[in-house]
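J.: Got a structure here, written out as structure tokens. Questions coming.
The values are calculated or read from the model by the stated rules, or taken from the named source; none is laboratory data. As the structure is a prediction and not an experimental result, all values here were calculated from the model. Backbone-built Cβ (ideal geometry, glycine too); neighbour counts: all protein chains shown. Each accessible area value is taken on the protein alone, full model and side chains, heavy atoms only, with ligands, DNA and RNA left out. Shrake-Rupley method; radii C 1.70, N 1.55, O 1.52, S 1.80 Å.
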Amino acid sequence: MNALSKLPSVSQLLAHDRIEPLIDAHGRAVITGLIRDQLAAVREAGRNGAPIPEESSLIDGISEAAQTQALPRLRPVFNLTGTVLHTNLGRASLPEEAITALVEAARNPCALEYNIEEGGRGDRDDVVEQLLCDLTGAEAATVVNNNAAAVFLLLNTLAHKRKVVVSRGELVEIGGAFRVPDIMKRAGAKLVEVGTTNRTHLKDFAGAISPRTGMLMKVHTSNYAIEGFTHAVPEHELASLAHEHELPFTVDLGSGTLTNLEHWGLPHEPTPRESIEAGADLVTFSGDKLLGGPQVGMLVGRRDLIARIRRNPLKRALRVGKLTLASLEAVLRLYRDPDRLAQRLTTLQQLTRPETEIREAAERVLPALQSALAALEVDVEIVPLRSQIGSGSLPVDRLPSVGLAVRSRGRSSGVLNRLEASFRQLPKPVIGRIEDSALLLDLRCLPPEQETDFTVQLAQLDLPTQPVR
Ligand SMILES: *Cc1c(COP(=O)(O)O)cnc(C)c1O
């Protein structure tokens, strides 16, 4: 107790000349709070018999805590997982054009809902509607917070208290709790499942149509593939059937992209234009998957249906902000120039990055990693890898890539797990993956201009100590 009474008081610490710069950097309120926490922790430990620290180590503790709490929670990371559109790491990285546009919109007032020609109120959809129509062949378009919201709004607007016919093979669950049947229920629509998991025929749909049917729907099986003895009804047949019964036919494309990816040697991913041409009345798709833009959900299709969707009060609740619209507009504009798309759209740049170029990057960063890990019983080498597109796009396709593999020379795989954690603790965390007893860093998504940032901070790796044999 006596030792505890010698602890400095909050006001003594606040007046300390090593605390002053902390107050300048973080503010008096934050530092006062940290001092109180630190003193409380020391008193608690002291009561349990722990020694009372010197004032200088107390201040070290406060300084460290101040630095830690100042780090943003939403920290930039190196995505070396090999999954390009990694949902947990924020999916698509935006191209420069979009970043510039969103910074401008953030800094200044902008014509978000203002018609500059007429000097009156406008609609925020006007920012991108024409572009979306040009790029998809649709009559009208609207944008909401994400594709889950787009599907929800579509169902709630067109099929509230009505039946929606979907193939059993398409009752998709997307990571993060988006399940087609659950969304239907919440939107007030009643799901009617037809066909079987692997085969669904037009007659299955035809037999399910009743006076209470609200629409026929197709959901792109984005994150899985059903192979073997399969049959799905082509969109144009579903569209004709729906139209015979004066019902809308809608397609949830999930990822969706606005151009034919086969131009760049990538596997085919269905586009909204293809669905519209096949007769779909409305198509929904994401902005931050293959499209390479910000998080949004887009609905494109018939003018009368889009008008109904806009009148749904939930549209107001699901609308997007100006930063999103500014960056979306910039990304959509890039699609008007397909010749330069692969140079300008970051996602496409990453997906089409040649293996030889990734190998050159691996050769440039290998020495730095080898020397950073020299004290460990590990081998570091360049290995061929296969990257995934991610975000449920093209789930079975893999892109040849190159990366660095760290393998333990000893038997303990514990070293790799601890090393993987150390990479995550770097100032700009490096996220890799452990597979086949190796820590793998896929270099596809390490931009050349960030290689130095990557290698320089390796000196700060907190190396796991391993038993010396
Ligand atoms: C990804 C996906 C969604 C959800 O889109 P978000 O933009 O993540 O909300 C919905 N449907 C399908 C088929 C998807 O692939």
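J.: Sort out for me the helices (runs of 4 or more DSSP H) sitting completely within the stretch 1-86 that have 3 or more residues that are among the hydroxyl-bearing types (S, T, Y).
T.: Of the helices (runs of 4 or more DSSP H) lying wholly inside the stretch 1-86, those with at least 3 residues that are among the hydroxyl-bearing types (S, T, Y) span 55-70.
J.: Another question, then. For the stretch 204-235, which residues satisfy the criterion of being under 13 Å from L171 (Cα atoms) and open to solvent by less than 30 Å² (accessible area, probe 1.4 Å)?
T.: M217, V219, S222
J.: When only residues in the stretch 169-185 that are within 15 Å of the ligand (Cβ to nearest atom) and charged (D, E, K, R) count, which is most open to solvent (accessible area, probe 1.4 Å)?
T.: The selected residue is R179.
The rows are residues; the columns are (1) modelled with pLDDT of 95 or more; (2) assigned by TED's automatic domain parsing to the domain that holds L261; (3) closer than 25 Å to I174 by Cα; (4) of a type in the set (A, V, I, L, M, F, W, C).
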residue	(1), (2), (3), (4)
I358	yes, no, no, yes
V365	yes, no, no, yes
V380	yes, no, no, yes
L394	no, no, yes, yes
L404	yes, no, no, yes
R407	yes, no, no, no
R424	yes, no, no, no
D436	no, no, no, no
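J.: Filter the stretch 163-216 for residues that are polar (S, T, N, Q), touching a His at 6+ places or on another chain (Cβ under 9 Å) and at pLDDT below 90 and give the result.
T.: Within the stretch 163-216, N198 is the sole residue that qualifies.
J.: Still on this structure: Would you pick out the residues in the stretch 152-165 that are within 16 Å of the ligand (Cβ to nearest atom) and touching a Leu at 6+ places or on another chain (Cβ under 9 Å)?
T.: F152, L153, L154, N156, V164
J.: Something else now. Looking only at residues in the stretch 1-20 that are under 15 Å from A40 (Cα atoms) and either among the basic types (K, R) or open to solvent by less than 40 Å² (accessible area, probe 1.4 Å) (or both), which one is farthest from the chain's Cα centre (by Cα)?
T.: Selected residue: K6.
J.: Looking at the structure I just gave you, is E277 under 22 Å from E139 (Cα atoms), free of Cβ contacts under 8 Å to residues at least 24 places away in the same chain and either open to solvent by 20 Å² or more (accessible area, probe 1.4 Å) or of a type outside the set (A, V, I, L, M, F, W, C) (or both)?
T.: Spelling it out, it is not the case that E277 is under 22 Å from E139 (Cα atoms), free of Cβ contacts under 8 Å to residues at least 24 places away in the same chain and either open to solvent by 20 Å² or more (accessible area, probe 1.4 Å) or of a type outside the set (A, V, I, L, M, F, W, C) (or both).
J.: So which residues in the stretch 292-309 are open to solvent by 10 Å² or more (accessible area, probe 1.4 Å) and assigned to a helix (DSSP H, G or I)?
T.: Across the stretch 292-309, the qualifying residues are R303, D304, A307, R308.
J.: While we're here: Taking the stretch 419-438 as the region of interest, how many residues are closer than 20 Å to A459 by Cα and among the polar types (S, T, N, Q)?
T.: Here the count works out to 2.
J.: With respect to L216, determine if the residue is assigned to a helix (DSSP H, G or I) and of a type in the set (A, V, I, L, M, F, W, C).
T.: No, not satisfied.
J.: In the stretch 322-358, which residues are under 26 Å from D397 (Cβ atoms), open to solvent by 50 Å² or more (accessible area, probe 1.4 Å) and not in a helix (DSSP H, G or I)?
T.: Of everything in the stretch 322-358, just one residue is under 26 Å from D397 (Cβ atoms), open to solvent by 50 Å² or more (accessible area, probe 1.4 Å) and not in a helix (DSSP H, G or I), namely P354.
J.: So, one more: Output the number of the condition that V300 fails; it satisfies all remaining conditions of (1) away from the ligand (no atom under 16 Å from the Cβ); (2) of a type in the set (A, V, I, L, M); (3) touching a Cys at 6+ places or on another chain (Cβ under 8 Å).
T.: Unmet condition: (1).
J.: Please verify whether the stretch 186-203 includes one or more residues that are away from the ligand (no atom under 16 Å from the Cβ), open to solvent by 50 Å² or more (accessible area, probe 1.4 Å) and in contact with a strand residue (DSSP E or B) (Cβ under 6 Å, 6 or more places away or on another chain).
T.: Yes, that holds for at least one residue.
J.: Here is a follow-up. Here are some conditions: (1) within 15 Å of the ligand (Cβ to nearest atom); (2) out of contact with any Leu (no Cβ under 7 Å at 6 or more places or on another chain); (3) open to solvent by less than 30 Å² (accessible area, probe 1.4 Å). N146 meets all but one. Which one does it not meet?
T.: (3)
J.: Mind checking which residues of the stretch 359-399 are within 16 Å of T81 (Cβ to Cβ) and in a strand (DSSP E or B)?
T.: V383, L385, R386, S387, Q388, I389, G390, S393, P395, R398, L399
J.: Here is a further query. Being touching a residue at least 24 places away in the same chain (Cβ under 8 Å) and surrounded by 16 or more Cβ atoms within 10 Å (Cβ to Cβ) is the filter here, so list the residues in the stretch 53-76 that pass it.
T.: L58, I59, I62, S63, A65, A66
J.: Working only within the stretch 217-237, note down all residues that are within 16 Å of the ligand (Cβ to nearest atom) and either of a type in the set (A, V, I, L, M) or modelled with pLDDT of 95 or more (or both).
T.: M217, K218, V219, A225, I226, A232, E235
J.: Being more than 30 Å from the chain's Cα centre (by Cα), charged (D, E, K, R) and in the same structural domain as V144 (by TED's automatic domain parsing) narrows it down to one of K185, K218, K163, so name that one.
T.: K163
Per-residue answers, yes or no, for (1) in the same structural domain as K289 (by TED's automatic domain parsing); (2) of a type in the set (D, E); (3) more than 30 Å from L332 (Cβ to Cβ):
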site	(1), (2), (3)
R179	yes, no, no
T197	yes, no, yes
V233	yes, no, yes
E246	yes, yes, yes
